[in-house]
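Only one structure is covered here, and it is reproduced in the block below.
Please treat every number below as a calculation from the coordinates, not as lab data. This one's a predicted model, so the numbers in the text were calculated from it and none came from an experiment. Virtual Cβ from ideal backbone geometry, glycine too; neighbours counted across all protein chains shown.
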Amino acid sequence: MSSDRPASPDQPHRTTAPAGQVPTAPATPESVRFTRAAALWTALIVGFLILIVLLIFIAQNTASPQFAFLGWRWSMPLGVAILLAAACGGLITVLAGTARIYQLRRAAKRDLMTRR
């Protein structure tokens, strides 16, 4: 006779592996790897959500004030002007970061050459 109690219907069925074999666990969410396709899919969803928010922002800010910069004068919708300013700020940040990465790579390359 077995000393195991019968399983209740709400508990999962437990199986035992044959003698000498290690039981394998069923696939769990922790064992599923994060793939590049999953990262791409997530990035696309986030990108589309940001695009929707930006389109709403532009649609709600359609007033066209006058702008002046270094003698140039022009008029454009306020939403477009703010987004253009943000994009220019992002480009300046990318340029500064690129210069810093280039500087660090040159220093690392020099350090590698001196160690040889």
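At a glance:
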quantity	calculated
Candidates per trypsin sites (Lys or Arg not before Pro) in the stretch 27-112, loop by DSSP, up to 10 other Cβ within 10 Å	ARG33
Dipole magnitude of the stretch 34-115 about its Cα centre (Cβ charges: Lys, Arg +1; Asp, Glu -1), debye to nearest 20	600
Relative contact order [Cα under 8 Å, 6+ residues apart], the stretch 34-115, whole percent	17
Neighbour-limited loop hits for chymotrypsin sites (Phe, Trp or Tyr not before Pro), the stretch 32-110 (at most 16 other Cβ within 10 Å; DSSP other than H, G, I, E, B)	PHE34
Kirkwood-Stokes translational diffusion coefficient of the stretch 33-107, alpha-carbon pairs, 10 °C, 1.306 mPa s, µm²/s	101
